[in-house]
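Chemist: Before we start, here is the structure in question, set down as structure tokens.
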Amino acid sequence: MQGLPSLTPFRRDLALALLALALLAVPLWGASYIPPTTSYQYDRAEVVSTETSIEYVDGGMPSTVPVSDEIGCADPWEIRTCTLEGQLENETVTTEYTSSDPDSDAETLSDWDRYGYVLLDETLYETTHAANESAPSDDGGYRIDIGLEPASTDAALADVAVDSSAVSSEAATVANEGHLETDEEIDVPETPIETDDGSYYRVYESGSSSRSVLVTPVIDALLPFVPAGVGLFLLIGLSRRVEVAYTGSDAED
């Protein structure tokens with residue numbers, strides 16, 4: 001097998017010149033070649049039951065993090081839900097749904113709904129469903145009345161919470177220990193987590209930030225200029241090997 005033909009001095013110098021120019025251009029694209037990574041921060045807020053409600057301790061949580069997605073109107077921006085459920089505070093409403101069982105109650109019918117509790121005016125209610133025996137339907141069934149009644153807040157908190165053993169290990173760590181910083185977003189339940197000591201905490205993403213993937217942001221910013229310096233050194237070396245000769249005629253001839 002014959003070896004590769006060696007480059008002529010001109011071709012070698014031309015290749016070095018092209019390499020030097022490429023190295024000089026590194027600062028133009030080097031910053032985007034190794035982008036910073038995103039760091040996600042997670043924290044917890046304790047949730048407790050009061051005489052009438054379920055709420056955060058000290059009330060220091062932002063309104064964008066409702067106590068639980070299992071509680072209707074826990075997010076005050078659920079305007080439609082709050083308006084409709086607000087009409088049920090003092091009265092029941094008969095629906096078009098029917099049941100053949102006159103003893104149907106909330107336990108047998110509440111699985112139809114997205115939530116079993118409603119938070120209105122800082123008071124927690126349990127949604128109710130009952131077969132109205134005084135309003136039989138044409139097919140012999142009983143119309144379903146829906147309404148609200150004050151809930152047992154202790155029982156409601158235990159009901160909407162999930163055990164720390166049923167969530168991701170990262171979410172359980174935050175619930176039990178208080179803080180976690182990761183390079184990837186984690187799966188966090190939108191409801192309180194019951195910790196190992198029986199307390200309840202709502203885990204949430206508290207922020208995110210970009211950070212260096214190498215040493216420090218300053219060093220990362222300077223690194224692209226190292227190959228540029230090498231490229232400049234090569235060009236200076238090549239310039240000393242280039243001889244410029246004037247071959248034109250003398251202007252006075």
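The values are calculated or read from the model by the stated rules, or taken from the named source; none is laboratory data. The shown structure was predicted, so the numbers you read here are calculated from the model rather than taken from an experiment. All accessible areas refer to the heavy atoms of the entire protein, side chains included, with ligands and DNA or RNA removed. Shrake-Rupley method; radii C 1.70, N 1.55, O 1.52, S 1.80 Å.
Chemist: Compute the accessible area per residue over segment 38-211, keeping the other protein chains in place, probe 1.4 Å, unit Å².
Modeler: 57 Å²
Chemist: Accessible area of segment 38-211 with a 1.4 Å probe: how many percent of it is carbon plus sulfur?
Modeler: Carbon-and-sulfur percentage of accessible area, whole number: 41.
Chemist: Please compute the length gained on full extension between residue 65 and residue 205, using 0.36 nm multiplied by the number of residues separating them and subtracting their Cα-Cα distance.
Modeler: Details: separation 140, 0.36 × 140 = 50.40 nm, distance 0.94 nm.
Difference between extended and current length: 49.5 nm.
Chemist: Further question on the same structure: Stretched out fully, how many nm does the piece from residue 92 to residue 122 gain, at 0.36 nm a residue minus the Cα gap?
Modeler: Working: separation 30, 0.36 × 30 = 10.80 nm, distance 2.02 nm.
Contour length minus the Cα-Cα distance gives 8.8 nm.
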